[in-house]
Amino acid sequence: MNIIGFVGSPHKSGNTAWTVQAILDGAASEGANTHLFSSAELDIKPCAGCGGCRNDGGCVLKDDMQNIYAALKTADALVFGSPVYMAQMTAQAKAFTDRLYAQISPRFSPTFKEENAGKKLVVAWTQGNPDGGKFKAYLDYTAQMFALLEFEVQESVIVAGTRAGHASEQEGLAERLKNVGAALVK
Ligand SMILES: Cc1cc2nc3c(=O)[nH]c(=O)nc-3n(C[C@H](O)[C@H](O)[C@H](O)COP(=O)(O)O)c2cc1C
């Protein structure tokens, strides 16, 4: 099983990277092959809205998103992570989701399912606010957006309260995230 992680944070070793990696580690412990893509290290431009992808050649922006398109084709699951910025996903995460447009047909059916049909998804959020229900409406909406793209949404994980310290310091969280990753494989 191939599982890719995407981290839409500007921090390479921040709360979200640690969270997504912990989920991937849980999946790897059950035998999955995993690979993490971090926007902190990648050049992923915003969608130009040029329509070039409608000419069958895929996205015309030749940046690091091309590697993610290739990985998505053979992935069985995606772990998508973003910090909450201004009650929403980050600009980096939004660039990623907008760029998925190049891989969907005009009817919004994803072409990245052609090689590997069922794609599971875990959405992982981190937020400074300690109230994990604070942004529920937006987080639910985002899960619905992924469902529209025909991902099988397994779970939305919310790591709240990072204002008080790095996510890795939260008691029991590593184990909880490991179980989320393992459940993706089982
Ligand atoms: C520009 C900006 C906006 C933020 N907006 C929110 C917010 O609306 N709600 C919240 O709970 N935390 C907010 N935060 C805190 C981040 O969500 C939190 O620190 C997160 O865990 C950072 O993840 P990272 O370490 O992976 O970058 C914001 C942080 C920044 C820098």
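Here, each number is a calculation from the coordinates, and none is a lab measurement. Just so you know, these numbers come straight off a predicted model, no measurement behind them. For neighbour counting, all protein chains shown are included, and Cβ atoms are generated from backbone atoms with ideal geometry for every residue, glycine included.
Numbers at a glance
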{"item": "Segment 20-45 residues near the modelled Thr111 label - backbone nitrogen below 20 Å, point 7 Å along Cα→Cβ", "result": "45"}
{"item": "Listed peptides 76-84, 131-139 by packing density, highest first (mean Cβ within 10 Å)", "result": "76-84, 131-139"}
{"item": "Nearest-20 debye value, segment 2-185 charge dipole, Cβ charges on Lys, Arg, Asp, Glu", "result": "420 debye"}
{"item": "Net length gained if the chain between Ala48 and Ala164 were fully extended (0.36 nm per residue, minus Cα distance)", "result": "38.0 nm"}
{"item": "Taking all pairs of distinct alpha-carbon atoms in the chain, Kirkwood radius in angstrom", "result": "16.5 Å"}
{"item": "Leu36 paired with Ala70, simple spin-label distance in nm, labels 7 Å along Cα-to-beta-carbon", "result": "2.2 nm"}
{"item": "Net lengthening on full extension, Glu171/Tyr141 (0.36 nm per residue, minus Cα-Cα)", "result": "7.9 nm"}
{"item": "Charge dipole of segment 39-186 about the Cα centre (unit charges at C-beta), most positive-ward option of Tyr69, Thr142, Leu121", "result": "Thr142"}
{"item": "Percent of beta bridges antiparallel (DSSP, the chain, rounded to nearest 5)", "result": "5 percent"}
{"item": "Rounded FRET efficiency, nearest 0.05, which uses the C-beta distance separating Asn179 from Glu150 and R0 of 41 Å", "result": "0.95"}
{"item": "Count of Lys pairs (Cα-Cα under 15 Å; at least 8 positions apart or interchain) in segment 2-185", "result": "5"}
